[in-house]
Amino acid sequence: MEGVVTSESDTLMTPEEIERIVRLLFKYNIRKVKLSGGEPMLRRDILEIVERLGKLGLDDLSMTTNGTRLVSMAKKLRRAGMTRVNISLHTVSREKYCWITGTATRSEGSTRFEYTVDAIRSAVEAGLAPVKLNVVIMKNVNHNEIDSLIDFASQFGSKVILQLIELVEEGAANTEFFNKYYYSLRELEERFEKTAVKTVTRSLHMRKQYLLPNDVWVEVVRPNNNYEFCMNDDRIRITHDGKFKPCLMRNDNLVDFLTPMRAGASDEELEKLFIRAVMLREPFYKPSTVKPLKNVSILE
């Protein structure tokens, strides 16, 4: 479940509505849920949301976060049913972290960087593992910190996975920003192919994870113009304002279910909207041999 830019940003699904739609999708063998955003921990009712979902018997309940409130809430989230978290950490430089995140650098005392490191430790100690450290690699910003990030991750052993992400030209990364900061991870992936003591290919997106000689697991995310990513993406995304989002890269085929839900729609009617969203799925990137969908029959 994720945020999306919308003119109705004040329309949020309630914990009850989130629970209902997830429970409904159980029929379609959806057993893994990730809460993302934006920053899901900014919701005052986040613990209630996790408690409601935690009682449904999911195989996996995870969250992507900047570490907000995690120091104080990690154990509570784990008891409520959260199984693991992804935490953004784009650098191990205190000053650079403050610059990237737009938080103040103080001459003394802790900063947001120290808090995020504490959040990672709190998540590991609470059992929200493996903790994935999300790192978007940017040219002339942190591309020369990869070995330092690997060293940082090594202190947590197998309880942390370092996820290196190639910059994508979407959202905040407009063309000017993308051209300035894009850094290809192809050579880095080739390096890991040669040095890893073990390589595992995940069925989701066909991404590879590499176990390095110092026992650090690293995953490389290269979605840019990558049809393997798109054609193996079987997730269905739900926006914060109650829309099914069939494709990560598109906002022109969203299917609204919250409006009908609040108007009294039955479970069967909501299921039809879900099926409609699935029928609208189409890889954003695909091989030239795959033709675009045409004349697809959509269930109304």
- prompt: Which of the residues spanning the stretch 195-214 are among the basic types (Lys, Arg), under 20 Å from Ala153 (Cα atoms) and not in a strand (DSSP E or B)?
  reply: Arg207
field: Flag if Phe178 is without any contact (Cβ under 8 Å) to a residue 40 or more places away in the chain and outside any loop (DSSP other than H, G, I, E, B)
entry: yes
field: Odd one out for Ala172, checked against (1) over 30 Å from Met279 (Cβ atoms); (2) at pLDDT below 90; (3) of a type outside the set (Asp, Glu); (4) in contact with an Asp or Glu (Cβ under 9 Å, 6 or more places away or on another chain)
entry: (4)
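Count, please, the residues in the stretch 118-129 that happen to be at pLDDT 95 or above and either surrounded by fewer than 18 Cβ atoms within 10 Å (Cβ to Cβ) or in a loop (DSSP other than H, G, I, E, B) (or both).
Filtering the stretch 118-129 for residues at pLDDT 95 or above gives 118-128.
Narrowing further to those that are either surrounded by fewer than 18 Cβ atoms within 10 Å (Cβ to Cβ) or in a loop (DSSP other than H, G, I, E, B) (or both): 118, 121, 125, 127-128.
Final tally of qualifying residues: 5.
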task: Tally the residues that are aromatic (Phe, Trp, Tyr), in contact (Cβ under 8 Å) with a residue 24 or more places away in the chain and within 17 Å of Ile150 (Cα to Cα), restricting the search to the stretch 183-211.
output: 1
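Return yes or no: is Thr91 closer than 18 Å to Leu42 by Cα, surrounded by 21 or more Cβ atoms within 10 Å (Cβ to Cβ), in contact with a helix residue (DSSP H, G or I) (Cβ under 8 Å, 6 or more places away or on another chain) and hydroxyl-bearing (Ser, Thr, Tyr)? Step through it out loud before you land on a result.
On the way: closer than 18 Å to Leu42 by Cα: no; surrounded by 21 or more Cβ atoms within 10 Å (Cβ to Cβ): yes; in contact with a helix residue (DSSP H, G or I) (Cβ under 8 Å, 6 or more places away or on another chain): yes; hydroxyl-bearing (Ser, Thr, Tyr): yes.
No; evaluated as a whole, the condition is false for this residue.
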Positions within the stretch 52-91 being closer than 16 Å to Ala126 by Cα, touching a Gly at 6+ places or on another chain (Cβ under 8 Å) and among the charged types (D, E, K, R), in sequence order: Arg78
- prompt: Does Ala265 count as assigned to a loop (DSSP other than H, G, I, E, B), modelled with pLDDT of 85 or more, closer than 25 Å to Val33 by Cβ and not charged (D, E, K, R)?
  reply: yes
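Could you list, in sequence order, all residues of the stretch 215-245 that are modelled with pLDDT of 70 or more, in a loop (DSSP other than H, G, I, E, B) and either under 15 Å from the mean Cα position of the chain (by Cα) or under 21 Å from Asn134 (Cα atoms) (or both)?
Of the stretch 215-245, the ones modelled with pLDDT of 70 or more are 215-222, 233-245.
If we keep only those that are in a loop (DSSP other than H, G, I, E, B) too, we end up with 215-216, 222, 233-236, 240-242.
Within the stretch 215-245, Asp215, Val216, Arg222, Asp233, Asp234, Arg235, Ile236, His240 qualify.
The values are calculated or read from the model by the stated rules, or taken from the named source; none is laboratory data. Nothing here was measured: the structure is a model prediction, and the numbers come from that model. Here Cβ is always computed from backbone atoms with ideal geometry, including for glycine, and neighbour counts include all displayed protein chains.
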